[in-house]
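Working notes for the structure below.
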Amino acid sequence: MRVSRVDKAKQNLARKMRGARTSTHRKIGPIVATKIIDQFKIARGLGLEIGANTIVSAYWPVRDELDTRFLLQALHEDGVRCALPVLGSKDKMLIFRQWRPGDVLRETRFGLAEPAEDKLCLVPNVLLVPLLAVDFEGNRLGYGGGYYDFTLLRFRLQGERPVIAVGLAYEAQITSNVPHDLSDAKLDWLITEKHVIQFKS
């Protein structure tokens, strides 16, 4: 199978940024896990609309991803309905199940933790997205599976209601240019330990 120039560039960048993320996570991961709550509040003040009826889906952190668990707890306490993504079985479309503090999660493929099948399925208004790299245009480099890209693009094509994609990352994961093509979904916002950025649509 021939690898495209864009895919090869993505692979090269991914190798570089994995190291940058791991190093940063080891140094400041626990600090950023709580600081990101304040950064999220700043984003809300700048126009990221989240109210009591908003459904926010976050990822449950794996390895050296920026830890979202304190943020999820804070959102829940603020009256926000929270969800976690679940890998579907038919295609790359993610589904989302309700999460509350204390819920027992089941470990699935790729080491992911997901809500049980009896949890309510929700459609998020805001999607908190993990990443390896991001640039100042909102282009995101993920892990190569394409689940978030596929899901966001389908949501946006359906056009029933806007779904806002918010990247959560360490500052060290920002790079000048992320290779991308039409199968990649751009972020609407980026939140790091230092900056809150809203990308132009």
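Among the conditions (1) in contact (Cβ under 8 Å) with a residue 12 or more places away in the chain; (2) surrounded by 14 or more Cβ atoms within 10 Å (Cβ to Cβ), residue 79 misses just one, which is (2).
Count of region 13-70 residues, restricted to those that are loosely packed, with under 14 Cβ neighbours inside 10 Å, hydrophobic (A, V, I, L, M, F, W, C) and modelled with pLDDT under 95, is 2.
Can we say residue 97 is open to solvent by 70 Å² or more (accessible area, probe 1.4 Å) and charged (D, E, K, R)? Outline the logic, then answer.
Details: open to solvent by 70 Å² or more (accessible area, probe 1.4 Å): no; charged (D, E, K, R): yes.
Considered against the rule, which asks whether it is open to solvent by 70 Å² or more (accessible area, probe 1.4 Å) and charged (D, E, K, R), residue 97 comes out as no.
Taking every residue in region 157-181 that is modelled with pLDDT of 95 or more and in a helix (DSSP H, G or I) and pairing it with any residue that is open to solvent by less than 40 Å² (accessible area, probe 1.4 Å) and acidic (Asp, Glu), at least 6 positions away or on another chain, the pairs with Cβ-Cβ distances below 7 Å are 171/193.
Scan region 106-119 and give yes if some residue there is of a type in the set (A, V, I, L, M, F, W, C) and closer than 24 Å to residue 48 by Cβ, otherwise no.
Kept after step one, since they are of a type in the set (A, V, I, L, M, F, W, C), are these residues of region 106-119: 110, 112-113, 116.
Still in the list and also closer than 24 Å to residue 48 by Cβ: none.
No: zero hits.
Out of all the residues in region 115-154, which are open to solvent by 10 Å² or more (accessible area, probe 1.4 Å), without any contact (Cβ under 8 Å) to a residue 60 or more places away in the chain and acidic (Asp, Glu)? Scanning region 115-154 gives 117, 118, 149.
The values are calculated or read from the model by the stated rules, or taken from the named source; none is laboratory data. None of the values given here were measured: they were computed from a predicted structure. Methodologically, a virtual Cβ is constructed for each residue, glycine included, from the backbone with ideal geometry; neighbour enumeration extends over all protein chains shown. Remember, those area values only see protein heavy atoms, side chains included, never the ligands or the DNA or RNA. Shrake-Rupley method; radii C 1.70, N 1.55, O 1.52, S 1.80 Å.
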